[in-house]
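To start, the structure under review is shown below, and the notes come after it.
The values are calculated or read from the model by the stated rules, or taken from the named source; none is laboratory data. Keep in mind it's a predicted model, so treat the numbers as computed, not measured. Note that we place each Cβ from the backbone using ideal geometry, even for glycine, and neighbour counts take in every protein chain shown. These area figures cover heavy atoms from the full protein model, side chains too; ligands, DNA and RNA do not enter into them. Shrake-Rupley method; radii C 1.70, N 1.55, O 1.52, S 1.80 Å.
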Amino acid sequence: MTRTVLKADFFWPLALLCVFTLGLLAAGGLALVEEFDRAATQREESVVENGLLERIHDSAWHAAQEVVWDSALKHLDDHFDAAWASQNIGVIFGKSLGFEKCFVLDAENRPLFAADAGLEVDAHNYEAFRREAESLVSLVRGLEIERGPIHNAQSGANPLPKPVLANSVANVSGRLYVLTAALVQPDFGSVLPRGPRAPIVVSALRIDQGFLSAFAERFLLPGLVLHLEPYRPHGDEAEVVLHNDRGERVASLTWVAQGSGKMIMRRLGWAFIPVLLCLAAGVLILYRRSRRMALGLITSEARAAHLAYHDALTGLPNRVLFFDRLGLSLSQMQRSGEVVAVHCIDIDRLKDVNDTFGHHVGDELIREAARRMAGQCRSSDTFARLSGDEFAIVQTRASAGAGAALAARLTEAMAQPFELTPGRVFVGCSVGISIVADPHIDPPEALRQADVALYRAKQTAKGQFCFFEQEMDAQIKIRRGLESDLREALANNDFTLAYQPQFHNDEGMTGVEALVRWCHPTRGNISPAFFVPIAEECGLIMELGMFILRRAFEDSKRWSRLKVAINVSAKQLRMRDFVARVVELTQEIGVDPHQFELEITEGILLGDDLETHEMLEELRRLGFSLALDDFGTGYSSLSYLQRYPIDKIKIDRSFIANLGVEAESEAVIAAIVKLAQALNLSVIAEGVETIDQHERLSMAGCRDMQGYLFSKPIDAVAVDALISRTSDAAPQAANESMTA
Ligand code: C2E
Ligand code: CA
Ligand code: CA
């Protein structure tokens, strides 16, 4: 996951989510405030409405109670007394009860009397109110009928009759009134209604500014306004609509609502800001933490991804990525037709460096080697580390020539010395190349072919490269078959020993070298140079080695005067109980170790470890002498000769073969002989085939020799015969002996 993807996939959605959540919270809060307000306003409105209705009802009730009065019935119904009406109705309603107008209607609902603010006025003033009062009057008349006639009531015998009234709000000439029509009734029954219909007193209480102010004060209503015209409340105004008895809208009252939500907002507004800030800070912290976490995840994911595809030590692509790229190159090859070359590279002697200096130096070498080899590749090539010392390259747009050129560059680069912490080291590398012609090949198969070629390159000589050829597969098959045949041969004791005599110029035959022989049931004689390495690889060398030692020990008993040289493989020497088993064997067979010379190669000395030292010393203490075989082909380091308890060096055949061919070979041999003498070591030349070689060696100071010139390897019986024949004869005579 890249940072851009992270931004798109993570940060923006998170940021949006935060903003959205905050928005939602704010919107939710506002909606809640609104809801609070709406509920509070509704409650306020209903409280105010009830209060107003109650106030209207109270005034009506008071008016009605005033006319339940025997005296009123007497003076208004029996015979209308204008002076009484003025004094009692006009003044009481106008002055005491605060009604602006009041009218007295007779049984026929005609106005008999009118008063304005407690003062009598012309009864015709009723006309302005008639329209609004008429419906109330007829309601009262209906209730009067419902009540029924009042009969001769005994004073105090009956309870006071209930007031009969109807009331409503009304707009009269642009003024708002509470109109009440109340039936005049007896209270104690001293006077009874004259007829079926009693007079009615209509009173009008003006809802004026004074009324509103008192009302607003009582109900704490700021900005209370009366609207006689249709009005639409806005903002935070609350409203109560007043209807008349016919259900028509007459007026409305509005005031500023005391919304609790807004009040909370107002009161808590300042407290809310820090809460919001805290919330925002929380969101920011959460965002930062998650961002850091996500970045950490990305980094570790990238690291994990890198590790999954790269080698930790060198940073090169690993096996997984290698196969990925190889597969890709092969599919590109199908389209473009370009050739792909697969190189398999092995660092020679890495194991020796590890053994000698430790794994940290081995790692240093691998890193440096990787850097050096990577420098030889093009950027389009994939250079990978597959395992310990195994590297591979996918070379695109290749050809046999380009493949060889790259391999040559690699071996050349690796042949240069490495300056490591402990000092200068020479290693080199071997390369196997597979030129892929078939794009449908499986990537692992392409690598296997390169690996087979590498194996061949290593076998041929170190520091070489080799192309894969089909016949190598056949050889590998043979090799596998030989492995199992070897096991069987060991179980059946199918191996024999041949002995190649060694001669001294003056002393004649002084020793023999034991050489193992295997006559394969179907393949015939197979060279030990071929099967010994196989035995080493498949772990059979210890068993095979012990067999050789046993046979050589047994045969040696026949030649008490001869030194018997026995080849011991490096792998064999590294086995822990080697010395113990050898000692055991000498005792079992009853031989003297002084009669034996163990031939070892330089490889075993490379490790320079204490264990090898002690083991070789131990063998020497026991009486075995040690010869360094194939001298001159490996490191040929003087320091080994000084440090290890070596008795003899065996000049490799290749030097002898060059005698008389290359001018300097004689000088080299002379130098080796001088060196041996200086170090007090014996020296023997092997592979001596001609008299000329014999003479040149003698001239160079080498007097011990071994080779076909004297004798090929022969069986033990032939050695017996040779001993008896050559005891007095010249060395050359041995050449006619039988071979094995
Ligand atoms: P090596 O130890 O260098 O043995 C000498 C090899 O040179 C022998 O080959 C021998 O037959 C051959 N040789 C001797 N004289 C001449 C000559 O004049 N000209 C030529 N061209 N060759 C000559 P061989 O017996 O095939 O052994 C090959 C290698 O196999 C040996 O090389 C040795 O490394 C290994 N080997 C042989 N026997 C044993 C054994 O018993 N144990 C172990 N560990 N390795 C053995
Ligand atoms: Ca040898
Ligand atoms: Ca040799």
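Here are some conditions: (1) free of Cβ contacts under 8 Å to residues at least 40 places away in the same chain; (2) within 16 Å of ligand 2 (Cβ to nearest atom); (3) not in a helix (DSSP H, G or I). Lys712 meets all but one. Which one does it not meet?
That leaves (1) as the condition not met.
Would you confirm, using the coordinates I've provided, whether His62 is over 60 Å from the mean Cα position of the chain (by Cα), open to solvent by 80 Å² or more (accessible area, probe 1.4 Å) and at pLDDT below 90?
Values: over 60 Å from the mean Cα position of the chain (by Cα): yes; open to solvent by 80 Å² or more (accessible area, probe 1.4 Å): yes; at pLDDT below 90: yes.
When the stated conditions are applied, His62 passes them.
Taking the stretch 529-540 as the search range and keeping residues that are of a type in the set (A, V, I, L, M, F, W, C) and open to solvent by 40 Å² or more (accessible area, probe 1.4 Å), which one is nearest to ligand 3 (Cβ to nearest atom)? Working first, answer last.
Applying the first criterion (of a type in the set (A, V, I, L, M, F, W, C)) to the stretch 529-540 yields 529-532, 534-535, 538, 540.
From the residues that got through so far, the ones that are open to solvent by 40 Å² or more (accessible area, probe 1.4 Å) too are 529-530.
Values: Ala529: 10, Phe530: 15 Å.
The extreme case among them is Ala529.
Yes or no: Ala489 open to solvent by less than 10 Å² (accessible area, probe 1.4 Å) and under 42 Å from the mean Cα position of the chain (by Cα)?
No, not satisfied.
Anything in the stretch 652-675 that is within 15 Å of Asp630 (Cβ to Cβ) and not basic (Lys, Arg)? List them, or say none.
At the first step, the residues of the stretch 652-675 found to be within 15 Å of Asp630 (Cβ to Cβ) are 652-658, 668-669, 672.
Residues satisfying the conditions are Asp652, Ser654, Phe655, Ile656, Ala657, Asn658, Val668, Ile669, Ile672.
Take the residues in the stretch 373-390 that are in contact with a Ser or Thr (Cβ under 9 Å, 6 or more places away or on another chain) and part of a strand (DSSP E or B), then tell me which one is least open to solvent (accessible area, probe 1.4 Å). Walk me through how you get there before you give the answer.
Initial filter on the stretch 373-390 (in contact with a Ser or Thr (Cβ under 9 Å, 6 or more places away or on another chain)): 374, 378, 380-382, 385.
With part of a strand (DSSP E or B) added as a condition, the list becomes 382, 385.
Details: Thr382: 10, Arg385: 32 Å².
Filtering first and then ranking leaves Thr382.
Just name the residue that is surrounded by the most Cβ atoms within 10 Å (Cβ to Cβ) out of those in the stretch 680-693 that are closer than 18 Å to Asp630 by Cα and not polar (S, T, N, Q).
We begin by selecting, within the stretch 680-693, every residue closer than 18 Å to Asp630 by Cα; these are 681-689, 693.
The next check asks that each one be not polar (S, T, N, Q); those that pass are 681, 683-689.
Numbers: Leu681: 18, Val683: 25, Ile684: 27, Ala685: 30, Glu686: 21, Gly687: 18, Val688: 25, Glu689: 16.
Looking at the filtered set, the residue picked out is Ala685.
Matching residues to (1) among the polar types (S, T, N, Q); (2) in contact (Cβ under 8 Å) with a residue 40 or more places away in the chain:
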{"residue": "Ser46", "(1), (2)": "yes, no"}
{"residue": "Glu49", "(1), (2)": "no, yes"}
{"residue": "Leu53", "(1), (2)": "no, no"}
{"residue": "Val68", "(1), (2)": "no, yes"}
{"residue": "Leu73", "(1), (2)": "no, yes"}
{"residue": "Asp81", "(1), (2)": "no, no"}
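Which of the residues that make up the stretch 501-528 are touching a residue at least 12 places away in the same chain (Cβ under 8 Å), within 16 Å of ligand 2 (Cβ to nearest atom) and either open to solvent by 20 Å² or more (accessible area, probe 1.4 Å) or in a helix (DSSP H, G or I) (or both)?
Residues satisfying the conditions are Thr510, Leu515, Arg517, Pro528.
Somewhere in the stretch 724-736, is a residue of a type in the set (A, V, I, L, M), more than 16 Å from ligand 3 (Cβ to nearest atom), over 60 Å from the mean Cα position of the chain (by Cα) and modelled with pLDDT of 95 or more? Walk me through it before giving the result.
Narrowing the stretch 724-736 to residues of a type in the set (A, V, I, L, M): 729-730, 733-734.
Next cut, more than 16 Å from ligand 3 (Cβ to nearest atom) only: 729-730, 733-734.
Subset that is over 60 Å from the mean Cα position of the chain (by Cα): 729-730, 733-734.
Now drop any that are not modelled with pLDDT of 95 or more, which leaves none.
Taking every residue of the stretch 724-736 in turn, none turns out to be of a type in the set (A, V, I, L, M), more than 16 Å from ligand 3 (Cβ to nearest atom), over 60 Å from the mean Cα position of the chain (by Cα) and modelled with pLDDT of 95 or more.
Here are some conditions: (1) touching a Lys or Arg at 6+ places or on another chain (Cβ under 6 Å); (2) modelled with pLDDT of 90 or more; (3) away from ligand 2 (no atom under 16 Å from the Cβ); (4) not small (Gly, Ala, Ser). Thr739 meets all but one. Which one does it not meet?
(2)
Restrict the check to the stretch 635-649 and report whether at least one residue is within 16 Å of ligand 1 (Cβ to nearest atom) and within 59 Å of the chain's Cα centre (by Cα).
For the stretch 635-649, residues within 16 Å of ligand 1 (Cβ to nearest atom) and within 59 Å of the chain's Cα centre (by Cα): present.
How many residues does the stretch 409-435 contain that are surrounded by fewer than 18 Cβ atoms within 10 Å (Cβ to Cβ), touching a residue at least 12 places away in the same chain (Cβ under 8 Å) and touching a Phe, Trp or Tyr at 6+ places or on another chain (Cβ under 6 Å)?
1
Out of Val339, Val320, I need the residue that is over 23 Å from Ala413 (Cα atoms), β-branched (Val, Ile, Thr) and in contact with a Lys or Arg (Cβ under 9 Å, 6 or more places away or on another chain). Which one?
Val339
Only one residue in Glu419, Glu368, Glu364, Glu390 is within 23 Å of Phe468 (Cβ to Cβ) and among the charged types (D, E, K, R), so which one is that?
Glu390 is the lone residue from the list that is within 23 Å of Phe468 (Cβ to Cβ) and among the charged types (D, E, K, R).
So which residues in the stretch 354-369 are open to solvent by 50 Å² or more (accessible area, probe 1.4 Å) and among the aliphatic types (A, V, I, L, M), if there are any at all?
Hits for the stretch 354-369: nothing passes.
Starting from residues that are within 16 Å of ligand 3 (Cβ to nearest atom) and under 25 Å from Leu350 (Cα atoms), keep the ones in the stretch 574-617 and report whichever is most open to solvent (accessible area, probe 1.4 Å).
Going residue by residue through the stretch 574-617, those that are within 16 Å of ligand 3 (Cβ to nearest atom) are 597-605.
After this cut, where a residue has to be under 25 Å from Leu350 (Cα atoms) as well, the list is 599-605.
Working: Glu599: 3, Ile600: 2, Thr601: 52, Glu602: 14, Gly603: 32, Ile604: 3, Leu605: 0 Å².
For the stretch 574-617, the residue satisfying everything is Thr601.
Go through the stretch 70-99 and give me each residue that's touching a Phe, Trp or Tyr at 6+ places or on another chain (Cβ under 7 Å) and either in a loop (DSSP other than H, G, I, E, B) or outside the structural domain of Asn171 (by TED's automatic domain parsing) (or both).
Answer for the stretch 70-99, where residues must be touching a Phe, Trp or Tyr at 6+ places or on another chain (Cβ under 7 Å) and either in a loop (DSSP other than H, G, I, E, B) or outside the structural domain of Asn171 (by TED's automatic domain parsing) (or both): just Phe99.
Among the residues that make up the stretch 578-591, is at least one of them out of contact with any Cys (no Cβ under 8 Å at 6 or more places or on another chain), basic (Lys, Arg) and within 16 Å of ligand 1 (Cβ to nearest atom)?
The first filter runs over the stretch 578-591 and keeps only residues out of contact with any Cys (no Cβ under 8 Å at 6 or more places or on another chain), leaving 578-591.
Next, from what is left, pick out any that are basic (Lys, Arg): 581.
Still in the list and also within 16 Å of ligand 1 (Cβ to nearest atom): 581.
Yes, there is a match, as at least one residue in the stretch 578-591 is out of contact with any Cys (no Cβ under 8 Å at 6 or more places or on another chain), basic (Lys, Arg) and within 16 Å of ligand 1 (Cβ to nearest atom).
Does the stretch 562-575 include one or more residues that are within 60 Å of the chain's Cα centre (by Cα), of a type in the set (D, E, K, R) and within 16 Å of ligand 2 (Cβ to nearest atom)? It would help to see each step written out before you state the result.
Keep residues of the stretch 562-575 that are within 60 Å of the chain's Cα centre (by Cα), which gives 567-575.
Filter once more, so that each one left must be of a type in the set (D, E, K, R): 571, 574.
Still in the running and within 16 Å of ligand 2 (Cβ to nearest atom): 571.
Yes; the residues of the stretch 562-575 include at least one that is within 60 Å of the chain's Cα centre (by Cα), of a type in the set (D, E, K, R) and within 16 Å of ligand 2 (Cβ to nearest atom).
Assess whether Ala123 counts as being open to solvent by less than 50 Å² (accessible area, probe 1.4 Å), at negative phi and either of a type in the set (Gly, Ala, Ser) or modelled with pLDDT under 90 (or both).
Working: open to solvent by less than 50 Å² (accessible area, probe 1.4 Å): yes; at negative phi: yes; either of a type in the set (Gly, Ala, Ser) or modelled with pLDDT under 90 (or both): yes.
Judged against the criteria, Ala123 is a match.
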